[in-house]
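Each remark here refers to the structure printed beneath this line.
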Amino acid sequence: MTYSAEISRRKPGLFLFLLDQSRSMSHKLAGQQTSKAKEATDAINRQIYEIIYRCTKTEGVRDYFEIGIIGYGSKSDTAESLLPNSTIVPISKMAENPIRIEKTTKKITDSEGEEVETEMEFPVWFEPVANFNTPMVKALKLAKEWCREWLLEHSDSYPPVVINISDGAATDGDPIPAAEELKSMSTTDGNLLFWNCHLSESKQEDAVVFPSDEDSLPKTDRFSRELFRMSSNLPEPFLDVAAERGLEIKNEARGYVFNAGLDELLELLDIGTRAPTENLH
Amino acid sequence: MKIQDFHLSKLGNPAKEYEDSLSFDLKKGRFAIADGASGSTFSDIWAISLTETFVSSNVDLFRGKDDVVNRIVSASRDQWYDKVNWKALPWFLKNKSISGSYSTFLALQIKKTAGRLKFASLSIGDSCMFILDGDKIKESFPLKTPVEFGNTPDLIWSGQGSPVKKNLKVPEPEPKMFSGFISPGETVLLATDAAAKWIMEDPIYSMDLFRNDFLSLDSKIPKLINEKKIKNDDFTIALLEFTDP
């Protein structure tokens, strides 16, 4: 059975986030008062926090995962790491090196029913940016380069999970061949998983969540179908997590959300990172 | 009364990450074993607090379960709360440790009554007690068969960590109770889940090792784990023998 490799410090997993930082990401996300860039950045920062939370034990953060973040479009025709002076980083190093920590107070209810105010700390590893065009092909090629190097030392690990968040079509060519090359990479436990999330500005169009065929996507929107073809099929452990969340999706479903608002973006990130963290040993 | 015990950290983990706990006082006839849940932080401290608290307390299991869990949890929480340096935690431990710690727990009390050995035991979760007649399992408690072991055993919660106050009333899980007599020639074995499941699956070989080749456990248990005959987890057993019933 594939996608069942145990994830341990000897055989860590890899999450790689790709984020569109093109100018259009400065527009508001559907249903929100803040930009797509801000919401997507917050969502990735929050998801990394969640992964660290799951890896935190008494003695500290165990390196069950490594993390990479590639931004594309903050500079013209450029894709690059969003972590200062680093590419792929062990999760414990992420925990030790946020660029800043946001403190918020939260009320928790103790077991006697009394409310207690507590200070929670939320780390931030990168800030929102929305600047130039959408060099998605360059980002995919950089992701492939990083994953190729990672796989040399992790050939029997859980396969890398690559999650791409964008609001528009690539401006540097056809991304499908680069996506196919990325998806063809593998470990003994299965092929690399490539997930896509398309962010929407309009609440009038419903999100299409984990579609299983192209006909569920707008016929006139070439880009929506392009991202569908680029996305991996959901392996069984991910289908199980989606079913636990009450989502009715078919066995042929792809790791893809089109016209996502904030809820769908968070759902994709949660399901995309949840199944591997249930294999921790 | 004589006790032999053996423990091993999950293979691949350093010894400091061992989260089971065994405490006993032969003179008082008090024994406790616990398995701290690895999903929560400071579970090793919580497991130690539970076993040490029970063994050093005068909680009497022979009087039934009324108020027993409350007294154990309340005193254990104090010990656990005092052992964590809440103010010095980095952000990731601070955020998570507010949720508290979890552990299984099995307590055993043995006393001599009218020339017979009487026992009373209390359990929450899947840490087990066996009564052995020679190399046969006469009784096991609370689980009887290997299929009963799962990924979500019942657990005792410490209650929330700081800044929630120390003297907190924590919800009590419903314990299972077991009592009876230990006959001459019988022995008692305590085991956390990985060991207990293996004992049920292979009683003849495990009993032979425990009774006749205890010193070989150091080499044989890792080998059995590598052969996937025992789950790779923290492993703890204690064998109680009664020389003069």
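It is to be established whether one or more residues within the range B:66-82 are more than 13 Å from chain A (Cβ to nearest Cβ), under 26 Å from B:D234 (Cα atoms), modelled with pLDDT of 95 or more and touching a Cys at 6+ places or on another chain (Cβ under 7 Å). No.
Using the structure shown, decide if A:S224 is part of a loop (DSSP other than H, G, I, E, B), over 15 Å from the mean Cα position of the chain (by Cα) and polar (S, T, N, Q). No, not satisfied. In summary, A:L29 fulfils each of the numbered conditions (1) on the phi > 0 side of the Ramachandran plot; (2) modelled with pLDDT under 90 with the single exception of condition (1). Checking each residue in the range A:112-148 for being closer than 28 Å to A:Y64 by Cα and free of Cβ contacts under 8 Å to residues at least 40 places away in the same chain picks out A:E119, A:M120, A:E121, A:E145, A:R148. Among the candidates A:L29, A:L19, which residue alone is away from every other protein chain (no Cβ under 14 Å), hydrophobic (A, V, I, L, M, F, W, C), within 14 Å of the chain's Cα centre (by Cα) and within 23 Å of A:N196 (Cβ to Cβ)? Only one candidate passes the filter, namely A:L19.
Considering only the range A:48-66, state which residues are within 19 Å of A:C147 (Cα to Cα) and within 14 Å of chain B (Cβ to nearest Cβ). Listed by number, the residues that qualify are A:I48, A:D63, A:Y64, A:F65.
Considering B:F235, B:F130, B:F181, B:F210, the condition of being among the aromatic types (F, W, Y), surrounded by fewer than 14 Cβ atoms within 10 Å (Cβ to Cβ) and either within 19 Å of the chain's Cα centre (by Cα) or under 30 Å from B:D60 (Cβ atoms) (or both) is satisfied by B:F181 alone. I'm trying to understand the selection: among the residues of the range A:64-82, which are modelled with pLDDT of 95 or more and in a loop (DSSP other than H, G, I, E, B)? Within the range A:64-82, just A:L82 meets the criteria. Filtering A:P84, A:P98, A:P90 for residues that are crowded, with 17+ Cβ neighbours inside 10 Å and away from chain B (no Cβ under 11 Å) leaves a single hit, A:P90. Put simply, of A:F122, A:F126 the only residue that is of a type in the set (F, W, Y), surrounded by 15 or more Cβ atoms within 10 Å (Cβ to Cβ) and assigned to a strand (DSSP E or B) is A:F122. For beta carbons closer than 6 Å, sequence separation of 6+ or different chains, a first residue in the range B:52-79 that is of a type in the set (D, E, K, R) and a second that is surrounded by 14 or more Cβ atoms within 10 Å (Cβ to Cβ), the qualifying pairs are B:E52/B:S23; B:K65/B:P175; B:K65/B:M177; B:R71/B:V59; B:R77/B:S158; B:R77/B:G159. For the condition in contact with a strand residue (DSSP E or B) (Cβ under 9 Å, 6 or more places away or on another chain), at pLDDT 95 or above, farther than 16 Å from A:S111 by Cβ and of a type in the set (A, V, I, L, M, F, W, C), B:F92 does not qualify. When A:E248, A:E205, A:E214 are screened for being surrounded by fewer than 15 Cβ atoms within 10 Å (Cβ to Cβ), without any contact (Cβ under 8 Å) to a residue 12 or more places away in the chain and more than 23 Å from A:Y158 (Cα to Cα), only A:E248 passes. Does B:D20 satisfy the criteria of being more than 14 Å from chain A (Cβ to nearest Cβ) and more than 23 Å from A:A95 (Cα to Cα)? Answer is no for this residue. Candidates are the residues of the range A:110-119 that are closer than 19 Å to B:R77 by Cα and within 9 Å of another protein chain (Cβ to nearest Cβ); the one that is surrounded by the fewest Cβ atoms within 10 Å (Cβ to Cβ) is A:E114. Hey, among the residues in the range B:154-187 that are among the β-branched types (V, I, T) and more than 24 Å from B:W91 (Cα to Cα), which one's farthest from the other protein chains (Cβ to nearest Cβ)? Per the stated criteria, the residue is B:I182. Applying the set (1) away from chain A (no Cβ under 14 Å); (2) closer than 27 Å to B:G150 by Cβ; (3) of a type outside the set (A, V, I, L, M, F, W, C) to B:K27 leaves exactly one unmet item: (2).
Selection within the range B:137-162: residues that are assigned to a loop (DSSP other than H, G, I, E, B) and surrounded by fewer than 14 Cβ atoms within 10 Å (Cβ to Cβ). The member of this set that is modelled with the lowest pLDDT is B:N151.
Kindly establish whether B:I3 is surrounded by fewer than 22 Cβ atoms within 10 Å (Cβ to Cβ) and away from chain A (no Cβ under 13 Å). So B:I3 passes the test. Taking the criterion of being of a type outside the set (K, R), free of Cβ contacts under 8 Å to residues at least 40 places away in the same chain and crowded, with 19+ Cβ neighbours inside 10 Å, the residues of the range A:32-64 that qualify are A:T56, A:T58, A:V61.
The values are calculated or read from the model by the stated rules, or taken from the named source; none is laboratory data. Values in this document were obtained by computation on a predicted structure and should not be read as measured data. Note that we place each Cβ from the backbone using ideal geometry, even for glycine, and neighbour counts take in every protein chain shown.
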